[in-house]
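See below for the structure under consideration.
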Amino acid sequence: MASDHASTTGVAGRYAGALFGLAREADALETVEGEMKALAAMIDESHDLQSFLKSPVLGRAEQTAAVGAIAEKAGFSVLTTNFLKLVAANRRLFALEGMIRAFAARAAAHRGEIGAEAISAAPMNDEQIKALRLEIESSVGKAVNLETRVDPDLLGGLVVKIGSKMIDSSLRTKLNRLRTRMKEA
């Protein structure tokens with residue numbers, strides 16, 4: 001997961017660090033973190049927004065006006081709105097998703113949490129998520145901010161990513177290993 005490390009140390013990390021510092025000073029860490037999560041969800045749900053963030057066609061003024069309108073419509077705070085406008089004015093919208101991830105990582109570390117992601121073949125219910133979170137917390141000895149998502153290609157099982165570690169117990173991986181062993185025989 002070298003890209004996660006790069007996102008916390010490169011352009012994305014610097015911008016996220018600046019936003020984190022400003023949010024702490026303004027005692028608005030929870031607000032900004034919630035707005036960053038909402039923005040991440042908007043990006044995930046909209047292919048148009050994804051294309052806009054990566055497009056070099058629009059100029060600074062158009063990008064700044066567009067992100068300002070998005071932030072206003074979403075009801076974001078002045079701090080988050082100004083941050084997004086600055087990112088657009090500096091032509092760094094291509095790195096916004098990395099900034100959001102880096103900000104979330106800093107906020108979690110500030111709370112003493114560690115981030116983890118669980119990918120399953122089918123949606124997990126609340127009881128399963130709670131049990132998995134407790135298992136990870138007992139393993140790492142810290143509070144865990146667990147994100148879950150579904151990947152039907154796994155066929156079954158679970159892939160858990162904790163920081164730079166990955167535990168892959170998916171059926172797809174087991175079948176691939178079996179296929180490799182059979183080719184070797």
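Looking at Phe52, Phe20 in this structure, which one is assigned to a helix (DSSP H, G or I), out of contact with any Cys (no Cβ under 7 Å at 6 or more places or on another chain), farther than 18 Å from Phe94 by Cβ and of a type in the set (Phe, Trp, Tyr)?
Going through Phe52, Phe20 in turn, just one is assigned to a helix (DSSP H, G or I), out of contact with any Cys (no Cβ under 7 Å at 6 or more places or on another chain), farther than 18 Å from Phe94 by Cβ and of a type in the set (Phe, Trp, Tyr): Phe20.
Go through Arg172, Arg91, Arg149 for me and flag whichever is assigned to a loop (DSSP other than H, G, I, E, B) and more than 16 Å from Leu39 (Cα to Cα).
When all the criteria are applied, what remains is Arg91.
Would you check if Ile119 is within 30 Å of Ala23 (Cβ to Cβ), outside the structural domain of Leu19 (by TED's automatic domain parsing), at pLDDT 90 or above and in contact with a strand residue (DSSP E or B) (Cβ under 7 Å, 6 or more places away or on another chain)? Can you show your working first?
Numbers: within 30 Å of Ala23 (Cβ to Cβ): yes; outside the structural domain of Leu19 (by TED's automatic domain parsing): yes; at pLDDT 90 or above: yes; in contact with a strand residue (DSSP E or B) (Cβ under 7 Å, 6 or more places away or on another chain): yes.
It is true that Ile119 is within 30 Å of Ala23 (Cβ to Cβ), outside the structural domain of Leu19 (by TED's automatic domain parsing), at pLDDT 90 or above and in contact with a strand residue (DSSP E or B) (Cβ under 7 Å, 6 or more places away or on another chain).
Does any residue of the stretch 42-51 turn out to be within 23 Å of Leu146 (Cβ to Cβ) and touching a residue at least 40 places away in the same chain (Cβ under 8 Å)?
In the first step, residues of the stretch 42-51 are kept if they are within 23 Å of Leu146 (Cβ to Cβ); the result is 42-45.
Checking the rest, the ones that are also touching a residue at least 40 places away in the same chain (Cβ under 8 Å) come to 43.
Looking for residues that are within 23 Å of Leu146 (Cβ to Cβ) and touching a residue at least 40 places away in the same chain (Cβ under 8 Å), one finds at least one in the stretch 42-51, hence yes.
Output the residues belonging to the stretch 1-37 that are modelled with pLDDT of 90 or more, acidic (Asp, Glu) and surrounded by 14 or more Cβ atoms within 10 Å (Cβ to Cβ).
Answer for the stretch 1-37, where residues must be modelled with pLDDT of 90 or more, acidic (Asp, Glu) and surrounded by 14 or more Cβ atoms within 10 Å (Cβ to Cβ): Glu33, Glu35.
Across the stretch 108-125, what is the total count of residues that are touching a residue at least 12 places away in the same chain (Cβ under 8 Å) and part of a loop (DSSP other than H, G, I, E, B)?
6
Taking the stretch 139-175 on its own, how many of its residues are modelled with pLDDT of 85 or more and more than 24 Å from the chain's Cα centre (by Cα)?
Of the residues in that region, 0 qualify.
Check Phe76 against each of (1) surrounded by 18 or more Cβ atoms within 10 Å (Cβ to Cβ); (2) out of contact with any Lys or Arg (no Cβ under 7 Å at 6 or more places or on another chain); (3) part of a helix (DSSP H, G or I) and name the one condition it does not meet.
The number of the failed condition is (3).
Can we say Ala88 is buried (at least 20 other Cβ atoms within 10 Å of the Cβ), over 27 Å from Gly141 (Cα atoms), at pLDDT 90 or above and over 17 Å from the mean Cα position of the chain (by Cα)?
yes
The values are calculated or read from the model by the stated rules, or taken from the named source; none is laboratory data. The structure displayed is predicted, hence computed values, not measured ones. Glycine gets a Cβ as well: all are built from the backbone with ideal geometry, and neighbour counts include every protein chain shown.
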